[in-house]
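Undergrad: Sharing a structure with you now.
All of the numbers you see were taken from the coordinates with simple rules; none came from a lab. The model shown is predicted, which means the values in this text are computed figures rather than measured ones. Cβ placement follows ideal geometry from the backbone for every residue including glycine, while neighbour counts extend to all protein chains displayed.
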Amino acid sequence: AIAVVGSIHADFYVKTKRFPQPDETVIGSDFAIFPGGKGANQAVGCARLGVETYMIGAIGNDYIGSLLVENLARNGVRVDYVYKASCNSGVAFIILNEETGENMIIVSPGADNALTPEYVENSLRQLSNKVKIVLTQLETPLETVYRSIEVAKKMNMITILNPAPARELDNSIYKFIDVIVPNRVELQQLTGVEVNSIESVFKAGEKLLDHGVKAVVATLGSKGAAITTPWLRAIVKAFPVQVVDTTGAGDAFMAGLAVALLQNMDIVEAVKFANATAALKITRMGAQSMPTRSEVENLISK
Ligand code: ADP
């Protein structure tokens, strides 16, 4: 099984023809609430791909929290380790530009900040004979992220970190990370290398290897992803698709990668599987409109 340690949010979406300037009001069109949060998105992605998936995260004691847990369960995610905190649920406000497909996002973490290192450690210990891969991101407190990675590694699980959104990391954590998966912005912020070419992506990747990470998979948007390991430098191309909504593309990629690695694909095959998962997500609205395994396999075999 896969355990995802991370955020669980409700995303409040509104579309606009252009983003407002400071102090300006623009009229939007549709409004919708979608379940989100990088952790929950990635957990739903894994479950939709047919793998037993445990969510370790926190919701608030409000009605949004109940909706969020029901949504996870409906998508096949195990919710036994979702903690109910005595505060509000995490929410995100997302403005989607219909003209450019770009988005602007503000996250209010709420219950994410109530996810403690102790809670996560206990959950992982209870799951130790089921879980092989632990997937985490940076929308929960850093000490919780660090503890989950360290505990998971000490229990011989495979650790995958999606360092999103970009935050500065303690150098001592890298040696516990098997695969780190930044996008270009995060890669640049983590390494200080100006990421503006393929060469610079590998250079930044090598910096992370020097810190002790086993493999770096940098996502490159429509260009796919770059793999840097001590013995490999490779670009794996994206699948060309019609872009509808890129929200959650990185999360779909993470789910695809974790599922592929759980099933013992080699890293190049796994990144191809991840690209296909992300490509299919992009053709649909909403962060959690994740593809099934047969959809991904169809796209790959085309
Ligand atoms: P994030 O959305 O987290 O910023 P990226 O923009 O790098 O991350 O996208 C993540 C992954 O989504 C890419 O590695 C790729 O597989 C896929 N992807 C993103 N944009 C496109 C696109 N225009 N066409 C096909 N695949 C894409």
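Undergrad: Within a Cβ distance under 11 Å of residue 230, other residues only, what is the Lys/Arg minus Asp/Glu net charge?
TA: 0
Undergrad: May I pose another question? Post the alpha-carbon centroid distance, segment 198-270 to segment 1-54, in whole angstrom.
TA: 21 Å
Undergrad: Sort 53-66, 263-276 by the packing proxy (mean of other Cβ within 10 Å over each peptide's residues), most packed first.
TA: Working: 53-66: 23.6, 263-276: 19.6.
Highest mean packing first, the order is 53-66, 263-276.
Undergrad: I want to verify a result. In a Gaussian network model of the chain, Cα cutoff 10 Å, which of these has the top mean-square fluctuation: 74, 184, 147?
TA: Comparing 74, 184, 147 in a Gaussian network model of the chain, the most mobile one is 74.
Undergrad: Please go through the residue pairs 153/281; 15/203; 38/175 and name each one whose alpha carbons sit more than 28 Å apart in this structure.
TA: Correct reply: 153/281; 15/203.
Undergrad: Another question, then. Karplus couplings for segment 158-163 from phi (6.51 cos²θ - 1.76 cosθ + 1.60, θ = phi - 60°), rounded to Hz, Gly and Pro as x?
TA: These are the phi-based 3J(HN,Hα) values: 7, 10, 10, 10, 9, x Hz.
Undergrad: For every helix of n ≥ 4 consecutive DSSP H residues, a contribution of -39,500 (n - 2.57) applies; sum these over the chain, divide by its total residues, and give [θ] at 222 nm rounded to the nearest 500 deg cm²/dmol.
TA: -11000 deg cm²/dmol
Undergrad: A further question follows. Taking a ≥ b ≥ c as the square roots of the eigenvalues of the Cα gyration tensor of segment 54-190, is the shape rounded (a/c under 1.5), prolate (a/b larger than b/c) or oblate?
TA: Oblate is the answer for segment 54-190, as a/c is 1.5 or above yet b/c matches or exceeds a/b.
Undergrad: Please turn the phi angles of segment 3-17 into ³J(HN,Hα) values with the Karplus equation 6.51 cos²θ - 1.76 cosθ + 1.60 (θ = phi - 60°), one per residue in order, whole Hz, x for glycine and proline.
TA: Each residue of segment 3-17 in turn: 10, 10, 9, x, 7, 9, 10, 9, 9, 9, 9, 9, 9, 8, 7 Hz.
Undergrad: Pairs of alpha-carbon atoms within less than 8 angstrom and 6+ residues apart define the contacts here; what relative contact order does the chain have, in percent?
TA: 17 percent
Undergrad: Here is a follow-up. With each pseudo-label sitting 7 Å past Cα toward Cβ, what's the residue 175-residue 118 distance in nm, one decimal?
TA: 2.8 nm
Undergrad: Note down the net charge around residue 2, summing +1 for each Lys or Arg and -1 for each Asp or Glu among other residues with Cβ under 11 Å from its Cβ. Write down the numbers at each step before the final one.
TA: Values: positive: 78, 130, 132; negative: 52.
It works out to a net charge of +2.
Undergrad: First check a/c for the chain, with a ≥ b ≥ c the square roots of the eigenvalues of its C-alpha gyration tensor; if it is under 1.5, answer rounded, and if not, answer prolate when a/b is larger than b/c or oblate otherwise.
TA: rounded
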